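Scroll down for the structure; my scribbles are underneath it.
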Amino acid sequence: MGWTITSLLMLPACACAFSTTPYAQCWNSPSGTSSATNENVYWNQYSASQQIDQAAYGSSLFWKQVGEAIPGWSTSSKYERFRGFCNNLRTETPGKDVFDSNGQQLLAQYVFPGLDHESVVRKAYPADDYRELRQLRDKLQRSVRPIAQREFSELIEARPLVGDDDELEVAIDNDGNTWQRAAWYGWQYLSLRGAKRWMPKTSVALQNAMKTLGPAHRFVGLTRQKHNCTGVVHSDGRNYMLSTLTPVLAPKEGCGIVVDGVDAAIVDDPIILDNTFRHHVYNNHATMDRFCLMSECYHPALTFPERDAIATLFAVKDRFTVEELQLAPWGYDDDDLAAALKTGAVHDLDYWKDVNYNPRNVQLDIKSSSSNKKRKKATSGRKPAKGFGQADNRSKPR
């Protein structure tokens with residue numbers, strides 16, 4: 001390809017998706033303190049995350065690529081609401097919160113029009129109100145959870161947790177191919193793209209269970225909540241998505257999530273929650289950590305063309321981040337992205353949309369719209385692993 005991607009580290013998990021509060025205020029040690037060093041690092045990452053998003057949304061080239069990937073999106077009636085969503089991405093102030101009377105806390109920039117209609121169910125746990133969600137919950141329980149539990153032991157041996165009390169810079173240096181600390185003390189995340197080498201059947205089973213509901217473009221991976229720890233109350237702010245939590249390894253009691261004041265145990269049964277309501281997780285067990293397979297999905301009130309358009313939009317954004325900004329998007333480990341660079345799969349939108357796409361099995365002859373441009377090497381605050389690193393563009397997890 002003739003050019004190198006290096007890393008610009010982005011905000012781990014608190015991102016501009018829900019608040020303009022400096023992220024370091026969310027990262028507390030057991031004693032409730034946070035260092036000035038961590039505060040400076042996280043504030044810098046917070047600013048970077050907004051800059052990366054806006055670099056795409058403010059680019060005419062990006063929207064030209066969206067038009068090429070979604071023919072008719074600017075004129076077809078089936079994309080009317082999607083056009084409103086894109087207008088919000090372009091024009092709304094990053095990080096601006098909107099508070100609905102029903103308790104939802106939304107990001108103005110990520111509001112999908114029409115999902116506040118009286119016909120759309122908005123409550124903490126909406127699975128019983130939609131047939132698609134009931135079917136998904138059942139499949140997560142019967143078809144996904146047993147496979148994830150069988151494959152998890154191999155994963156955790158190959159990819160052990162990072163130290164919760166390590167200096168922040170140490171965790172950042174290791175973030176290309178391993179668990180990432182984020183959001184609050186005791187929470188760690190590993191993208192399924194980075195885990196699928198050890199959990200290949202889980203990845204396939206999840207995609208089969210989701211069908212047209214996803215997996216959506218943000219959080220798809222394993223989450224860990226440390227024992228005797230409680231997460232920060234927050235909203236994810238995107239009204240077009242829901243979140244699923246499938247327990248893989250969890251205590252039998254004292255572990256759960258509270259959404260809009262309603263408590264649900266995270267023990268055996270998968271949970272589907274509306275994460276635009278303020279929520280937090282907790283694990284009160286004295287010694288046992290909790291691990292879940294987390295995947296966001298699209299709200300069933302979206303039409304099929306709208307779901308695909310959203311997925312395509314953010315796939316174009318990830319590709320744009322690599323090709324034009326020369327940064328590594330959130331959710332792609334170093335090895336996976338290195339193979340995609342080598343084979344040319346980074347130019348294929350299916351690579352960015354499909355969590356099970358294997359870039360090692362293809363050799364594409366595809367050139368980007370700017371592949372003949374002279375590339376300028378990006379700079380970074382950390383030593384890149386194998387030529388590039390990860391740019392974390394995310395909001396608060398579970």
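The values are calculated or read from the model by the stated rules, or taken from the named source; none is laboratory data. Keep in mind it's a predicted model, so treat the numbers as computed, not measured. Cβ coordinates were reconstructed from backbone atoms using ideal geometry, including for glycine residues, and neighbour counts include every protein chain displayed. SASA here: full protein model, heavy atoms, side chains in, ligands and nucleic acids out. Shrake-Rupley method; radii C 1.70, N 1.55, O 1.52, S 1.80 Å.
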task: Go through the range 49-66 and give me each residue that's without any contact (Cβ under 8 Å) to a residue 60 or more places away in the chain and either surrounded by 13 or more Cβ atoms within 10 Å (Cβ to Cβ) or among the aliphatic types (A, V, I, L, M) (or both).
output: Gln50, Gln51, Gln54, Tyr57, Trp63
Hits in the range 124-158 - residues which are basic (Lys, Arg), closer than 20 Å to Ile266 by Cα and surrounded by fewer than 16 Cβ atoms within 10 Å (Cβ to Cβ): Arg134, Arg142, Arg150
message: Anything in the range 294-327 that is closer than 18 Å to Val355 by Cα, out of contact with any Ser or Thr (no Cβ under 7 Å at 6 or more places or on another chain) and of a type in the set (Ser, Thr, Tyr)? List them, or say none.
response: Tyr298, Thr312, Thr321
message: I'm checking my understanding of the structure. Among residues of the range 210-234 that are hydroxyl-bearing (Ser, Thr, Tyr) and either out of contact with any helix residue (DSSP H, G or I) (no Cβ under 9 Å at 6 or more places or on another chain) or at pLDDT below 95 (or both), which one is most open to solvent (accessible area, probe 1.4 Å)?
response: Thr230
field: Criterion (surrounded by 23 or more Cβ atoms within 10 Å (Cβ to Cβ) and within 30 Å of Asp100 (Cα to Cα)) met by exactly one of Tyr298, Tyr332
entry: Tyr298
query: Can you name the residue in the range 77-95 that is open to solvent by 70 Å² or more (accessible area, probe 1.4 Å) and in contact (Cβ under 8 Å) with a residue 24 or more places away in the chain and is also nearest to Ala56 (Cα to Cα) among such residues?
result: Arg90
- prompt: Restricting attention to the range 331-346, does a residue exist that is assigned to a helix (DSSP H, G or I), among the polar types (S, T, N, Q) and more than 19 Å from the chain's Cα centre (by Cα)?
  reply: yes
Candidates Gln180, Gln207, Gln188, filtered to the one that is within 18 Å of the chain's Cα centre (by Cα) and open to solvent by 30 Å² or more (accessible area, probe 1.4 Å): Gln207
